[in-house]
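Here's the structure we're looking at; comments come further down.
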Amino acid sequence: MFISKDQQTKIQQLNQILGMKHRSTPFDFNKKEDWIEAIEMITAEYVDFCEYWGRLSNLNSNLDESLECFYPASWVEISQEGKVKDAKLNNAIKSVNKAEDSLRVLMERAEEKCRKIWILVFESQQKAVIKEFLGEEMTCSIEDLQEILEEEIFEMATEIEYTGNVENSTREFSKNLKQKIELKKLEK
């Protein structure tokens with residue numbers, strides 16, 4: 001969550017030019033407000049990238065079906081040779097594949113950050129922050145939380161109705177996390 005001097009200057013310029021309020025300083029985890037903002041931004045980033053990757057993945061799948069239907073010989077070439085002789089078609093296929101792969105990498109990076117921030121909240125026993133997002137002070141063993149976030153984080157992010165709103169994405173993700181924690185407690 002480090003912001004370099006150069007990044008800080010660029011963010012301040014953006015804020016000044018567009019009248020925005022993007023954060024240009026690192027989070028201070030001695031402040032509840034900074035914890036809340038960090039969780040919102042990191043969680044919503046993950047939800048966004050899950051959504052975008054999912055859209056590209058669906059596009060890629062639909063493109064493959066269209067190729068099979070409208071370009072059957074090219075579709076066979078792809079499976080046999082890894083590319084088609086039609087340069088424009090080949091470029092479209094490669095571009096969609098590359099975009100999907102690139103978004104998957106960003107999604108995985110955001111997932112790791114999301115997992116870490118939620119574990120850190122529980123490890124450092126930020127009761128007020130936990131209550132802010134889960135509606136009550138909850139406890140969960142770090143092992144159980146790690147297991148939940150390892151096995152079910154993608155589902156928690158993609159099962160929500162995506163609106164593109166930071167606060168809404170985080171609240172919906174938090175509801176799913178609370179349900180998973182409660183289920184884990186019932187299993188024991």
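Observations on the model:
For (1) basic (Lys, Arg); (2) out of contact with any Ser or Thr (no Cβ under 9 Å at 6 or more places or on another chain); (3) farther than 22 Å from PHE154 by Cα, each residue gets a yes or a no:
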position	(1), (2), (3)
PRO26	no, yes, yes
GLU33	no, yes, yes
ALA38	no, yes, no
MET41	no, no, no
ALA44	no, no, no
VAL47	no, no, no
TYR52	no, yes, no
ILE78	no, yes, yes
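- Residue satisfying condition, being farther than 30 Å from SER174 by Cβ, among the small types (Gly, Ala, Ser) and more than 21 Å from the chain's Cα centre (by Cα), within set SER124, SER79, SER141: SER79
- Of the listed requirements (1) open to solvent by less than 90 Å² (accessible area, probe 1.4 Å); (2) modelled with pLDDT of 95 or more; (3) not aromatic (Phe, Trp, Tyr), ARG55 misses just one: (1).
- Any chance LYS131 is at pLDDT 95 or above and either surrounded by 12 or more Cβ atoms within 10 Å (Cβ to Cβ) or β-branched (Val, Ile, Thr) (or both): yes
- Note on region 2-26: among residues that are closer than 21 Å to ASN165 by Cα and not in a helix (DSSP H, G or I), the one that is most open to solvent (accessible area, probe 1.4 Å) is LYS21.
- GLU100 being at pLDDT 95 or above, more than 30 Å from LEU186 (Cβ to Cβ) and acidic (Asp, Glu): yes
- The listed residue being open to solvent by less than 60 Å² (accessible area, probe 1.4 Å), within 30 Å of the chain's Cα centre (by Cα) and more than 28 Å from THR43 (Cβ to Cβ), out of LEU103, LEU63: LEU63
- Flag for ASP48 being charged (D, E, K, R) and assigned to a helix (DSSP H, G or I): yes
- Test: residue in region 155-167 that is at pLDDT 95 or above, of a type in the set (A, V, I, L, M, F, W, C) and not in a helix (DSSP H, G or I): yes
The values are calculated or read from the model by the stated rules, or taken from the named source; none is laboratory data. Nothing here was measured: the structure is a model prediction, and the numbers come from that model. No Cβ is skipped: glycine too gets one built from the backbone with ideal geometry, and neighbour counts run over all protein chains shown. Areas reflect the complete protein model, heavy atoms only, side chains present, ligands, DNA and RNA absent. Shrake-Rupley method; radii C 1.70, N 1.55, O 1.52, S 1.80 Å.
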